[in-house]
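Undergrad: Got a structure here, written out as structure tokens. Questions coming.
Derivation of every value follows stated rules applied to the coordinates shown; laboratory data play no part. Note that the structure is a prediction, hence the values are computed from the model and not measured. As a convention, Cβ positions derive from the backbone with ideal geometry for all residues, glycine included, and neighbour counts pool all protein chains shown.
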Amino acid sequence: MRCIGVPKYPSSRLSAEGSKEQHVIFQMATLIQDSIVDGPGLRLAVFCQGCPHRCEGCHNPEALDPAGGTTGTTEQVVELMAKNPLCAGVTLTGGEPFMQAEAMAELARAAHACGRNVVTYTGYRLETLLAGLDETPGWRALLENSDWLVEGPFDLENRTLGLPWRGSTNQRVLNAPQSVAQGCAVEVEDVHRVDRSNQAEQTATAAAPASPTSAQAAAQPVNATEPCE
């Protein structure tokens, strides 16, 4: 099952079987369907393989080694999203999605073409990503095609169970496209409101798949801070 309007993707490499049908291939630790903790609504969480940060207390140590995991494709993820009309969006986490930024950017575009929103997690600070936008392939595309960015390394000393989407208090939830456009962090102040808005959208559209236009509009971060000075 495919979403209407999802393009055929050029692949950075062919599948191991040498298939003539090319998709973007990436390295992943696992996929989790129906996640309720990795962003608004019911989500498909893609755990990328490989991470340079080595945060103390990391809850996914098996995802650290870039040589580990297994291969996944954009087509695989798109088909899983398309089969579940209650899936609000895809969450790119890990591991470190920005280690495979070009593939993750294509996956984010595919999610939007399916009418889903995109949350991207990263251990990098936004300021580091902005400084490398023009030098690192895929960083700009992944930021611009994410609706929300949960950024910052996990800090064991500041671990929290009380903040939605985050594991420690040093991490921020940002409006990704606005942060790129303005060149600084544009935070989402009321993440709970984002969750409530998404739940209302899902309830209203559960009987039929959302169109890309309506879903992308619903995905806009709510109650962001004032523009950067």
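Undergrad: For the residue pair K83 and T169, what label-to-label distance in nm results when each label sits 7 Å from Cα along the Cα-to-beta-carbon direction?
TA: Going from the K83 label point to the T169 one covers 4.2 nm.
Undergrad: What are the residues whose amide H is under 5 Å from the amide H of R172, where those residues sit 5 or more places off or on another chain and H is modelled from the backbone?
TA: E151
Undergrad: Which ³J(HN,Hα) values, rounded to whole Hz and listed in residue order, are derived for region 157-163 from phi using the Karplus coefficients 6.51, -1.76 and 1.60 in 6.51 cos²θ - 1.76 cosθ + 1.60 with θ = phi - 60°, glycine and proline given as x?
TA: So the Karplus estimates, Gly and Pro as x, are 5, 10, 4, 9, 10, x, 9 Hz.
Undergrad: Continuing with this model, one more query. Show the residues, 5+ positions off or on another chain, whose built amide H is closer than 5 Å to the amide H of I25.
TA: HN-HN under 5 Å from I25: S12, R13.
Undergrad: Rank these for me by crowding, I36, I25, going from fewest to most other beta carbons within 10 Å.
TA: On the way: I36 11, I25 21.
Neighbour counts put them in this order, fewest first: I36, I25.
Undergrad: In whole Hz, with x marking every Gly and Pro, tabulate ³J(HN,Hα) for region 91-106 from phi via Karplus 6.51 cos²θ - 1.76 cosθ + 1.60, θ = phi - 60°.
TA: My calculation for region 91-106 gives 10, 9, 9, x, x, 10, x, 6, 6, 10, 4, 5, 5, 5, 5, 5 Hz in order.
Undergrad: Karplus couplings for region 134-148 from phi (6.51 cos²θ - 1.76 cosθ + 1.60, θ = phi - 60°), rounded to Hz, Gly and Pro as x?
TA: Those phi angles translate into 8, 9, 10, x, x, 4, 5, 4, 5, 4, 5, 9, 9, 7, 10 Hz.
Undergrad: Evaluate the distance, in nm, between pseudo-label points positioned 7 Å from the Cα of A131 and of C184 along their respective Cα→Cβ axes.
TA: So the two model labels end up 1.7 nm from each other.
Undergrad: Additional query: By its C-alpha gyration tensor, with a ≥ b ≥ c as the square roots of the eigenvalues, how is region 25-218 shaped: rounded for a/c under 1.5, else prolate for a/b larger than b/c, else oblate? Before the final figure, lay out the partial values.
TA: On the way: a/c = 1.38, a/b = 1.23, b/c = 1.12.
Rounded.
Undergrad: Check which residues have an amide H placed less than 5 Å from N117's amide H, if you skip close sequence neighbours.
TA: G89, V90
Undergrad: Would you order R193, R54, R43 from fewest to most other beta-carbon atoms within 10 Å of each residue's own beta-carbon?
TA: Working: R193 14, R54 10, R43 26.
Lowest to highest Cβ neighbour count: R54, R193, R43.
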